[in-house]
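Encoded as structure tokens, the structure appears first; notes follow it.
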Amino acid sequence: MQKSNKFVIAVYVDNKYGVLTRVTSMFTRRGFNIDALTVGETESPDYSRITICMSGDGYAKEQLINQLRKLYNVKKVEEIEESSSIKRELALIKIKNNSATRADVLSAVDVYRAKVIDFTATEMCIEITGDPTKINAFIEYMLPYGILEMCRTGIVALERGEGTLLSKETKTGVHKQN
């Protein structure tokens with residue numbers, strides 16, 4: 001049995017209506033389960049970048065990449081290697097606020113370099129950005145204080161160093177439109 005692990009895939013697609021639906025429909029048809037999916041504009045208004053975080057073995061990763069490359073509006077698909085990338089995530093966490101725990105919570109906010117972005121007598125909303133492991137550790141630390149609500153963006157990632165994903169040459173090259 002092969003080891004299951006997480007991997008991150010970056011996908012450049014045409015910034016057009018319906019493209020995200022085609023990409024996510026492919027996940028459903030092929031039975032892929034994604035851990036996180038983020039989408040946003042890129043440096044060029046012609047393209048959007050989809051960042052997919054998924055768990056699976058090497059076969060699942062290759063299948064995902066191959067299926068994405070076949071889609072019409074997909075321009076580029078690359079795995080973002082762990083050792084040569086920068087990954088970040090954003091989380092907003094609303095917790096209980098009371099005088100008995102406030103100092104401890106604010107101390108943790110400082111240690112984790114988070115920010116209090118909303119504050120009432122009974123609740124506090126905290127913004128934290130960073131590597132997903134940092135966010136997981138902060139959430140774990142906050143659990144005893146009473147997390148009321150939370151949302152996370154999912155991972156965004158860039159490769160370190162020179163060049164860009166679109167300028168990078170690969171064996172398969174950029175997917176051409178007909």
Need pairs with beta-carbon distance below 8 Å; first residue in contact (Cβ under 8 Å) with a residue 40 or more places away in the chain and within region 27-42, second open to solvent by less than 100 Å² (accessible area, probe 1.4 Å) and among the basic types (Lys, Arg); sequence gap 6+ or separate chains. Ala36/Arg152; Gly40/Arg49
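Residue-by-condition table, conditions (1) modelled with pLDDT of 95 or more; (2) aromatic (Phe, Trp, Tyr); (3) touching a Phe, Trp or Tyr at 6+ places or on another chain (Cβ under 8 Å):
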position: Leu90; (1), (2), (3): yes, no, no
position: Asn98; (1), (2), (3): no, no, no
position: Tyr112; (1), (2), (3): yes, yes, yes
position: Glu123; (1), (2), (3): yes, no, no
position: Pro132; (1), (2), (3): no, no, no
position: Leu143; (1), (2), (3): yes, no, no
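Is it the case that Thr153 is of a type in the set (S, T, N, Q) and in contact (Cβ under 8 Å) with a residue 60 or more places away in the chain? If you could, list the steps in order and put the result at the bottom.
On the way: of a type in the set (S, T, N, Q): yes; in contact (Cβ under 8 Å) with a residue 60 or more places away in the chain: yes.
Judged against the criteria, Thr153 is a match.
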Scan region 10-29 and tell me whether some residue there is within 16 Å of the chain's Cα centre (by Cα), open to solvent by 60 Å² or more (accessible area, probe 1.4 Å) and within 16 Å of Arg88 (Cβ to Cβ). no
Among the numbered conditions (1) at pLDDT 95 or above; (2) more than 19 Å from Ile80 (Cβ to Cβ), tell me where Lys176 comes up short. (1)
Can you name the number of the only condition in (1) modelled with pLDDT under 95; (2) out of contact with any helix residue (DSSP H, G or I) (no Cβ under 8 Å at 6 or more places or on another chain); (3) farther than 18 Å from Leu158 by Cβ; (4) in a loop (DSSP other than H, G, I, E, B) that Tyr72 fails? (2)
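Would you check if Val105 is part of a helix (DSSP H, G or I) and in contact with a Phe, Trp or Tyr (Cβ under 7 Å, 6 or more places away or on another chain)? Steps first, answer last, please.
Numbers: part of a helix (DSSP H, G or I): yes; in contact with a Phe, Trp or Tyr (Cβ under 7 Å, 6 or more places away or on another chain): yes.
So Val105 fits the description; yes.
From the set of residues in region 83-101 that are touching a residue at least 12 places away in the same chain (Cβ under 8 Å), not in a strand (DSSP E or B) and not hydroxyl-bearing (Ser, Thr, Tyr), which is surrounded by the fewest Cβ atoms within 10 Å (Cβ to Cβ)? Explain how you work it out, then say what you get.
Going residue by residue through region 83-101, those that are touching a residue at least 12 places away in the same chain (Cβ under 8 Å) are 84-98, 101.
From what is left, the residues that are not in a strand (DSSP E or B) are 84, 97-98, 101.
Cutting the leftovers down to not hydroxyl-bearing (Ser, Thr, Tyr) gives us 97-98.
On the way: Asn97: 21, Asn98: 14.
Only one residue fits best here, namely Asn98.
Taking the condition in contact with a Cys (Cβ under 9 Å, 6 or more places away or on another chain), at pLDDT below 95, assigned to a strand (DSSP E or B) and within 27 Å of Lys134 (Cβ to Cβ), does Ile9 pass?
Numbers: in contact with a Cys (Cβ under 9 Å, 6 or more places away or on another chain): yes; at pLDDT below 95: yes; assigned to a strand (DSSP E or B): yes; within 27 Å of Lys134 (Cβ to Cβ): yes.
When the stated conditions are applied, Ile9 passes them.
Could you pull out the residue among Pro144, Pro45, Pro132 that is open to solvent by 30 Å² or more (accessible area, probe 1.4 Å) and either under 24 Å from Lys16 (Cβ atoms) or under 18 Å from the mean Cα position of the chain (by Cα) (or both)?
On the way: Pro144 fails: either under 24 Å from Lys16 (Cβ atoms) or under 18 Å from the mean Cα position of the chain (by Cα) (or both); Pro132 fails: open to solvent by 30 Å² or more (accessible area, probe 1.4 Å).
Residue meeting the stated conditions: Pro45.
The values are calculated or read from the model by the stated rules, or taken from the named source; none is laboratory data. Bear in mind that the values here come from a model prediction, so they are computed numbers and not experimental data. When we count neighbours, we look across all protein chains shown, and the Cβ atoms used for this are built from the backbone with ideal geometry, even at glycine. The protein model used for the area step is the full one, side chains on, heavy atoms only, and it has no ligands, DNA or RNA in it. Shrake-Rupley method; radii C 1.70, N 1.55, O 1.52, S 1.80 Å.
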